[in-house]
Amino acid sequence: MPKAIRIYVRVMDRAAGLVGLLAMYLIFVMVGVLLLDAVTRNVINIPLHWCVEFAQFTLAAYYFMGGAMTLRDDSHVRMDLFYSGLSRRGKARMDLLTIGCLIFYLAVLLVGSISSLEYAIQTNERRFSMWNPSMIPIKALMVGCIVLMLMQSVALLFKHIATLRGEALE
């Protein structure tokens, strides 16, 4: 594989790892906010109306941000009827097919998420609740993470092509 592709794959793997690592720490933020909510609501009887919604947004950010790392580490859920019985090259062929479908899906998802972000910006979309938070930050994060997953999928495509060519691309 050309040097530019090797560099691209290395950069994407690192970016996915860094964003995934940041996502892992969001669990501590979410637990802290839910603990704060439990203490203020039950111990000092001052309910904080933003805590549960903030935890929901944090959870959404967690799974958006973890997508690329999940792809990189091949730790996603796979329906394995006959995949495990395939040779390394056979798995690479099957993965090429599924990566193609994934890239198509992510491209359609990206178009929809950009449209949703544009709508949120134009209308200053807010969640209908007592806290009334803006939807722009979470939708912008969603667009960024879908782009990252799409770029990681292309890196996986290159890895599978390299496997079929008998090269190692790590």
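Values quoted throughout were computed directly from the atomic coordinates according to the rules given, and no laboratory measurement underlies them. As the structure is a computational prediction, the values presented were derived from the model and not from experiment. Heads up, the Cβs are rebuilt from the backbone with ideal geometry, glycines too, and the neighbour counts pull from every protein chain shown.
Between Tyr105 and Phe82, what is the label-point separation in nm under the 7 Å Cα-to-beta-carbon projection?
Calculated label separation equals 2.1 nm.
Could you tell me the calculated FRET efficiency between Val11 and Asp73, based on Cβ-Cβ distance and R0 = 25 angstrom, to the nearest 0.05? Please report the intermediate quantities before stating the final value.
Numbers: r = 16 Å, r/R0 = 0.66.
E(calc), rounded to 0.05, equals 0.95.
Taking a quarter of the surface of the convex hull around the Cα atoms of the chain, what do you get in nm²?
On the way: hull surface 49.3 nm².
Its average projected convex-hull area is 12.3 nm².
Which FRET efficiency, nearest 0.05, do Leu164 and Tyr25 yield, Cβ-Cβ r, R0 30 Å? Write out the running numbers ahead of the final one.
On the way: r = 37 Å, r/R0 = 1.23.
Once the sixth-power term is evaluated, E becomes 0.20.
What's the extension gain from Val52 to Arg93 if we count 0.36 nm per residue and subtract their Cα-Cα distance?
Values: separation 41, 0.36 × 41 = 14.76 nm, distance 4.42 nm.
My answer for the length gained is 10.3 nm.
Can you give the FRET efficiency for Ile114 and Ile44, using 1/(1 + (r/R0)^6), R0 = 35 Å, r = Cβ-Cβ distance, to the nearest 0.05? Before the final figure, lay out the partial values.
Numbers: r = 43 Å, r/R0 = 1.24.
Calculated transfer efficiency: 0.20.
How far apart, in nm, are the 7 Å Cα→Cβ label points at Leu34 and Trp131?
Modelled inter-label distance: 1.4 nm.
Between region 104-150 and region 38-87, how many Å separate their Cα centres?
17 Å
Going by C-beta contacts inside 10 Å, put Arg88, Arg127 in order with the fewest on the left.
On the way: Arg88 9, Arg127 14.
Going from sparsest to densest Cβ surroundings: Arg88, Arg127.
Can you sort Lys3, Lys139, Lys91 from fewest to most other Cβ atoms within 10 Å of each residue's own Cβ?
Details: Lys3 7, Lys139 20, Lys91 15.
Fewest to most other Cβ atoms nearby, the residues stand as Lys3, Lys91, Lys139.
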